[in-house]
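Take a look at the structure set out below.
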Amino acid sequence: MGRSRGGLTTKIHVVVDALGNPIRFELTPGQARGSVMGYEMLSKLDIENREILADRAHDADAILALAEEQNATTVNPSKRNRRKKRAYDKNTYKERHLIECFFNRVKKYRRLATRYDKTASMFKASLVLISIRMWLK
């Protein structure tokens with residue numbers, strides 16, 4: 001667990017498929033930056049000729065370079081502090097709701113939503129079980 005503005009927290013970083021099923025996820029302390037873990041997770045996946053839907057926080061130069069290197073398309077708005085705004089497909093960006101739907105399905109499980117597990121390994125094990133259940137439905 002890590003300390004963020006909200007107290008002791010843990011962030012879940014997830015990559016989902018086109019149906020909203022989890023493919024890969026990682027846990028980080030609450031103060032960790034999302035774009036760093038996003039780059040690490042994307043670098044381990046085969047994203048060649050694919051579209052990457054992410055939020056503003058993942059508008060990092062490293063992620064853009066990785067996507068360009070693997071001939072992938074990033075579909076996310078530019079950060080507010082970026083001087084030259086990038087164009088993105090707003091209709092495709094609407095499909096990002098699948099990621100939010102994944103987190104809403106996870107929150108239905110009280111054990112995970114209220115953070116009963118105090119160690120990262122138990123928290124991740126609960127998340128794995130929930131993910132398996134999502135894939136089986």
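The values are calculated or read from the model by the stated rules, or taken from the named source; none is laboratory data. All values derive from a computational prediction rather than experimental measurement. Heads up, the Cβs are rebuilt from the backbone with ideal geometry, glycines too, and the neighbour counts pull from every protein chain shown. To get the accessible areas, we keep the full protein, side chains included, count just its heavy atoms, and leave off ligands, DNA and RNA. Shrake-Rupley method; radii C 1.70, N 1.55, O 1.52, S 1.80 Å.
Quick notes on this structure:
- Failed item, numbered, when GLU95 is tested on (1) open to solvent by less than 50 Å² (accessible area, probe 1.4 Å); (2) touching a residue at least 12 places away in the same chain (Cβ under 8 Å); (3) of a type outside the set (Gly, Ala, Ser): (1)
- Filter result for ARG82 (open to solvent by less than 70 Å² (accessible area, probe 1.4 Å), touching an Asp or Glu at 6+ places or on another chain (Cβ under 7 Å) and of a type in the set (D, E, K, R)): yes
- PHE102 falls short of the stated requirement of being assigned to a helix (DSSP H, G or I), in contact (Cβ under 8 Å) with a residue 40 or more places away in the chain, within 18 Å of GLY30 (Cα to Cα) and open to solvent by less than 100 Å² (accessible area, probe 1.4 Å).
- Those residues of segment 108-135 which are surrounded by 11 or more Cβ atoms within 10 Å (Cβ to Cβ), part of a helix (DSSP H, G or I) and of a type in the set (D, E, K, R), in sequence order: ARG111, LYS124, ARG133
- Comparison of ALA113, ALA65 shows that the only residue that is closer than 23 Å to ILE47 by Cβ, without any contact (Cβ under 8 Å) to a residue 24 or more places away in the chain and of a type in the set (A, V, I, L, M) is ALA65.
- Residue that is farther than 27 Å from LEU112 by Cβ, at pLDDT below 90 and hydrophobic (A, V, I, L, M, F, W, C), where the choices are ALA60, ALA72, ALA18, ALA32: ALA60
- Residue tally, condition of a type in the set (A, V, I, L, M) and assigned to a loop (DSSP other than H, G, I, E, B), over segment 70-90: 2
- Any hit, segment 48-57, residues being of a type in the set (Lys, Arg) and in a helix (DSSP H, G or I): yes
So that you can scan it fast, the table gives a plain yes or no per residue for (1) under 30 Å from SER121 (Cβ atoms); (2) open to solvent by less than 80 Å² (accessible area, probe 1.4 Å); (3) out of contact with any strand residue (DSSP E or B) (no Cβ under 7 Å at 6 or more places or on another chain):
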| position | (1), (2), (3) |
| --- | --- |
| ASP17 | yes, yes, no |
| ASN21 | yes, yes, yes |
| ALA32 | yes, yes, no |
| SER35 | yes, yes, yes |
| GLY38 | yes, yes, no |
| GLU48 | no, no, yes |
| SER78 | no, yes, yes |
| ASP89 | no, yes, no |
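- A single entry from ALA54, ALA87 fulfils the requirement of being over 18 Å from LEU19 (Cα atoms) and either out of contact with any helix residue (DSSP H, G or I) (no Cβ under 7 Å at 6 or more places or on another chain) or of a type in the set (A, V, I, L, M) (or both): ALA87.
- Filter pass, LEU42 being touching a residue at least 60 places away in the same chain (Cβ under 8 Å), surrounded by 12 or more Cβ atoms within 10 Å (Cβ to Cβ) and under 19 Å from VAL15 (Cα atoms): no
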